[in-house]
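In what follows, a single structure is set out as structure tokens and then discussed.
The values are calculated or read from the model by the stated rules, or taken from the named source; none is laboratory data. Given the structure is predicted, the values throughout are model-derived calculations rather than measurements. Positions of Cβ are backbone-derived with ideal geometry, glycine not excepted, and every protein chain shown enters the neighbour counts. Surface areas here come from the heavy atoms of the whole protein model, side chains and all, with no ligands, DNA or RNA. Shrake-Rupley method; radii C 1.70, N 1.55, O 1.52, S 1.80 Å.
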Amino acid sequence: MGIQEASTRQTLVLDDNRTAARLYGNREGNLRALEAELEIVVHARGNEIRLTGLEPKVLLGKRVLEELYGVVRGGREVGTRDVREAIKLASDRPDVSLRRIYEDVLSGSGGRRKIAAKNFPQRRYVELIDEHDLVFSIGPAGTGKTYLAMAMALAAFGRREVARVVLTRPAVEAGEKLGFLPGSMAEKVNPYLRPLYDALHDMMDFEKAARLIDRGIIEVAPLAFMRGRTLNDSFVILDEAQNTTPEQMKMFLTRLGYHSKAVVTGDVTQIDLPKDQPSGLLNAREVLGTVKGIGFMAFTEADVVRHPLVQSIVRAYDRDSQKGLGDLNTSPKVTQGIDPE
């Protein structure tokens with residue numbers, strides 16, 4: 001862009017060259033992202049950064065770099081997606097220190113380990129859950145959709161904001177025909193619910209979790225068991241929601257009672273329903289996309305926090321499926337992490 005006469009210049013001097021280089025990113029990609037988002041000119045030489053442009057945007061850019069530098073110095077890596085999310089957060093929530101994104105541990109989650117957001121999109125997700133009674137979280141595996149929702153549920157229970165936690169998912173086979181399963185009803189559906197138990201036990205001492213489950217304070221159940229119930233004073237998580245039918249999704253959403261929260265998570269690229277059966281998650285995104293008071297979070301493969309290969313695998317499958325499926329991770333009615341107007 002051409003620098004106008006009314007432009008201003010700010011200089012930021014960092015105290016460590018190596019940390020500064022990590023802040024700049026590969027080929028200064030983070031600085032170029034800052035330039036593009038704020039329409040300013042950013043030039044780095046060693047540990048000195050010069051920002052030129054309209055004063056409000058230059059000051060915003062300087063603050064973002066200062067705080068991201070603190071994040072990098074604390075041992076975290078940041079990328080261009082983090083830069084964009086930091087700009088959004090700094091614009092929308094000027095009262096919040098960006099350096100606390102990674103430090104703000106989700107307290108009250110059972111005490112087995114400290115749990116915090118690992119990137120800016122995850123922090124936006126946490127804030128959406130704080131601010132809304134119903135949140136839809138859509139994105140690929142490894143983005144922390146269910147894990148963070150579980151931590152938030154246990155934290156809310158620890159703070160006595162809810163009286164119980166309900167974890168549910170549809171019992172749909174992931175491309176495999178398991179056939180007849182012996183045992184009681186609980187034993188039959190247990191394999192489908194194992195991922196929820198795994199996340200729970202990762203956060204909470206096994207014996208404590210078992211006691212809460214035995215007392216019905218934490219309930220892990222298939223979605224079919226939700227029919228006819230009203231869930232008051234509860235934090236409810238519906239996992240693998242891409243495998244619900246529209247009717248099941250409506251049934252679940254209408255279970256929400258007084259003083260309750262619900263988080264619906266799913267990956268619309270991993271639908272295991274019959275080909276002629278529409279997904280309740282896709283339908284809900286379309287039907288509820290303009291309803292105020294509902295939070296929507298759209299994660300992408302760039303937000304995957306598992307093994308680095310997972311991000312590449314997700315991206316490769318996404319490219320391969322674009323012809324038949326279209327872009328399933330975006331919707332004209334839903335902006336990432338923001339209520340539709």
For this session: Report, please, the projected area of the stretch 191-255 averaged over directions, based on the convex hull of its C-alpha atoms, in nm².
Result: 4.9 nm²
For this session: Could you state how much accessible area Asp198 has, in square angstrom rounded to the nearest 10, with a 1.4 Å probe and all protein chains kept in place?
Result: 90 Å²
Problem set entry | About the Cα centre, charge dipole magnitude for the stretch 47-88 (Lys/Arg +1, Asp/Glu -1 at Cβ), debye | 100 debye
Exercise. In straight Cα distance, which aspartates and glutamates are under 16 Å from Lys118, not counting same-chain residues fewer than 8 positions off?
Worked result: Glu67, Glu77, Asp82, Glu85, Glu103, Asp104, Glu127, Glu301, Asp303
For this session: Beyond 27 Å between alpha-carbons counts as too far, so tell me which of Lys62/Lys292; Lys261/Lys292; Lys88/Lys292 fall in that bin.
Result: Lys62/Lys292
For this session: Would you kindly calculate the translational diffusion coefficient of the stretch 1-100, applying Stokes-Einstein with the Kirkwood radius from alpha carbon pairs, for 4 °C and a viscosity of 1.567 mPa s, and quote it in µm² s⁻¹ without decimals?
Result: 97 µm²/s
